[in-house]
Amino acid sequence: MSGHKKTFILHYIKIFILALLALAAIVLAVQNQTFLAQEISFKLNLYFWEGLSVPYPLYMIILLVFLLGVLLTSLAGIGNRFYLRGQLKEAVRKNEEAEKEILSLRGLSLRNSGHGEGRGELI
């Protein structure tokens, strides 16, 4: 199989798996609708202050925590991407310097070896 065909097939397998996961999440939510709809309030009791939050449905709390996780993971991924971009630029710069040095050393060795003497050319 060619590389393009493998990528094409893997793409559809990935879509199929994601569709199955979405279907499972929908079935889970529908079957547990009454449990997910119950309201929960949070209590914070410090020595000098006590607080009670407004009651929120459980599904909203789960959704907010999930979205917070997506946001934090995305921010970590962006930071990692900038770090890797800097590493790549540094590696490319060092590679270009090494290539220039190799070319200059090749030219130096050809001039010193005596090739092309009398004709004024380098091989």
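Out of curiosity, is Leu103 more than 30 Å from Ala29 (Cβ to Cβ) and more than 27 Å from the chain's Cα centre (by Cα)? Let's see the steps before the verdict.
Values: more than 30 Å from Ala29 (Cβ to Cβ): yes; more than 27 Å from the chain's Cα centre (by Cα): yes.
Yes, satisfied.
Filter the range 46-100 for residues that are in contact (Cβ under 8 Å) with a residue 12 or more places away in the chain and loosely packed, with under 10 Cβ neighbours inside 10 Å and give the result.
Val54
Only one residue in Ile9, Ile61, Ile13, Ile78 is assigned to a helix (DSSP H, G or I) and at pLDDT below 90. Which one?
Result of the check over Ile9, Ile61, Ile13, Ile78: Ile9.
Test Gly86 against the stated conditions and say whether it is modelled with pLDDT under 90 and more than 30 Å from Ile26 (Cα to Cα).
No, not satisfied.
Among the listed residues Leu36, Leu88, Leu68, which satisfies the condition of being touching a Pro at 6+ places or on another chain (Cβ under 8 Å) and either assigned to a helix (DSSP H, G or I) or at positive phi (or both)?
The unique qualifying residue is Leu36.
Which pairs turn up if I take residues in the range 14-41 that are over 20 Å from Tyr56 (Cα atoms) and look for partners that are surrounded by 10 or more Cβ atoms within 10 Å (Cβ to Cβ) and hydroxyl-bearing (Ser, Thr, Tyr) with beta carbon separation below 6 Å, at least 6 apart in sequence or on another chain?
Hits for this filter: zero, empty list.
The values are calculated or read from the model by the stated rules, or taken from the named source; none is laboratory data. Here the structure is a predicted model, which is why all the values come from computation and not from measurement. Positions of Cβ are generated from backbone atoms using ideal geometry, with glycine treated the same way; all protein chains shown enter the neighbour counts.
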